[in-house]
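Report on the following structure.
The values are calculated or read from the model by the stated rules, or taken from the named source; none is laboratory data. Keep in mind that this is a model prediction, so the values were computed, not measured. Cβ: placed from backbone, ideal geometry, glycine included. Neighbour counts: every protein chain shown.
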């Protein structure tokens, strides 16, 4: 087989990746619209959600790695939200310069308000979908994500 030919799985994965790219674009547009009145964008909401769902305080760099984003972009968003009183910095006992990022009371309120908007939206979006089909899609995405993470780690 020529290296320029996809395997059956390779072709199907390529189609899936293209659909995920398209889905991501539409999710960003929908997310921006959903939380605009809260002073959020999809990007800010994503970072806010990472901070809110962390088991313990984390640095910007750790959040960026967990989200698969560049540290500089996450840092810019965190700095903006800090100026608005949505997040705050806390000393990191393990690293002098890499402070932890925490939600403020205002940040928790904004995040909770975003989730209150997201719940009816996602319930309507998922109407007619079967939970087992969603679980299958999640497993496939998780496998692709793990493969990409291993590939990235091997290069760095």
Considering only residues that are farther than 16 Å from residue 68 by Cβ and under 17 Å from the mean Cα position of the chain (by Cα), which ones fall in segment 1-32? 22, 25, 26, 29, 30, 31, 32
Give the residue that is surrounded by the most Cβ atoms within 10 Å (Cβ to Cβ), with candidates limited to residues of segment 112-141 that are under 21 Å from residue 29 (Cβ atoms) and touching a residue at least 12 places away in the same chain (Cβ under 8 Å). 114
Of all residues in segment 81-97, which are without any contact (Cβ under 8 Å) to a residue 40 or more places away in the chain and surrounded by fewer than 15 Cβ atoms within 10 Å (Cβ to Cβ)? 83, 85, 90, 91, 93, 94, 95, 96, 97
Which of the residues that make up segment 69-88 are assigned to a loop (DSSP other than H, G, I, E, B) and at negative phi? 69, 70, 84, 86
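For segment 51-63, give me each residue that is surrounded by 13 or more Cβ atoms within 10 Å (Cβ to Cβ) and part of a loop (DSSP other than H, G, I, E, B).
54, 57
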Over 25 Å from residue 110 (Cα atoms) and surrounded by 10 or more Cβ atoms within 10 Å (Cβ to Cβ), is that true of residue 13? yes
Say whether the condition of being at pLDDT 95 or above, touching a helix residue (DSSP H, G or I) at 6+ places or on another chain (Cβ under 9 Å), in a helix (DSSP H, G or I) and closer than 18 Å to residue 53 by Cα is met by at least one residue in segment 118-140. yes
Can you name the number of the only condition in (1) part of a helix (DSSP H, G or I); (2) surrounded by 13 or more Cβ atoms within 10 Å (Cβ to Cβ); (3) at pLDDT 95 or above that residue 66 fails? (3)
Being modelled with pLDDT of 95 or more, within 30 Å of residue 108 (Cβ to Cβ) and surrounded by 14 or more Cβ atoms within 10 Å (Cβ to Cβ) is the requirement here; does residue 25 meet it? no
If the requirement is being under 27 Å from residue 120 (Cβ atoms), assigned to a loop (DSSP other than H, G, I, E, B), touching a helix residue (DSSP H, G or I) at 6+ places or on another chain (Cβ under 9 Å) and in contact (Cβ under 8 Å) with a residue 60 or more places away in the chain, which of these qualifies: 40, 48? 40
